[in-house]
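**Student:** Sharing a structure here in structure tokens format.
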């Protein structure tokens with residue numbers, strides 16, 4: 001059944017593209033192609049993700065299809081980031097949103113491992129990758145949005161440096177940092 005993956009992917013791709021064009025047709029004032037063009041990145045990603053999940057849940061010989069969840073997560077994440085930036089006109093988000101791409105790789109690996117197309121160690125590696133890059137996203141997001149773009153924590157960052165330094169000294173005294 002090697003061609004099963006292609007049929008599932010094509011079927012889901014046709015469904016999501018049909019839903020998109022239905023929304024444009026029936027809700028023309030809300031769904032504006034100039035604003036929603038990133039959907040052409042997002043929709044194939046969702047189709048790949050759906051193919052991976054559907055194929056992985058079917059079990060049996062089609063269990064390897066679950067690996068489609070990995071590129072599905074990556075393409076869907078890029079599509080969501082571009083869609084957000086385009087709709088809000090906040091393209092500066094790329095300064096830290098790039099961290100969501102490796103996080104999506106980790107999520108895809110966890111999904112693929114959960115769908116029995118990956119090894120058990122893959123779930124641990126995926127979780128580590130996901131959690132690590134979500135932390136990078138959070139830290140960089142706080143830094144860029146709070147300090148550089150909007151300056152809301154601009155007055156408090158010296159105090160934050162003092163607190164981090166004091167914490168490091170405290171941990172050194174307890175033998176926690178070498």
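**Student:** Only one of these conditions is not met by residue 105: (1) within 21 Å of residue 56 (Cα to Cα); (2) assigned to a helix (DSSP H, G or I); (3) at pLDDT below 90; (4) touching a helix residue (DSSP H, G or I) at 6+ places or on another chain (Cβ under 8 Å). Which number is it?
**Tutor:** For residue 105, the exception is condition (3).
**Student:** Would you say residue 11 is over 21 Å from the mean Cα position of the chain (by Cα), in a helix (DSSP H, G or I) and either exposed (fewer than 12 other Cβ atoms within 10 Å of the Cβ) or at pLDDT 75 or above (or both)?
**Tutor:** yes
**Student:** Restricting attention to the range 86-123, which residues are free of Cβ contacts under 8 Å to residues at least 24 places away in the same chain, more than 12 Å from the chain's Cα centre (by Cα) and farther than 22 Å from residue 55 by Cα?
**Tutor:** Hits for the range 86-123 are 88, 89, 90, 91, 93, 94.
**Student:** Here are some residues: 76, 132, 117. Which one is in a loop (DSSP other than H, G, I, E, B) and either under 23 Å from residue 45 (Cα atoms) or at pLDDT 90 or above (or both)?
**Tutor:** Criteria check complete, one pass: 117.
**Student:** Answer yes if at least one residue in the range 40-57 is out of contact with any strand residue (DSSP E or B) (no Cβ under 8 Å at 6 or more places or on another chain), at pLDDT 75 or above and not in a helix (DSSP H, G or I), and no otherwise.
**Tutor:** Within the range 40-57, not a single residue is out of contact with any strand residue (DSSP E or B) (no Cβ under 8 Å at 6 or more places or on another chain), at pLDDT 75 or above and not in a helix (DSSP H, G or I).
The values are calculated or read from the model by the stated rules, or taken from the named source; none is laboratory data. These figures come from a predicted structure and were not determined experimentally. Note that we place each Cβ from the backbone using ideal geometry, even for glycine, and neighbour counts take in every protein chain shown.
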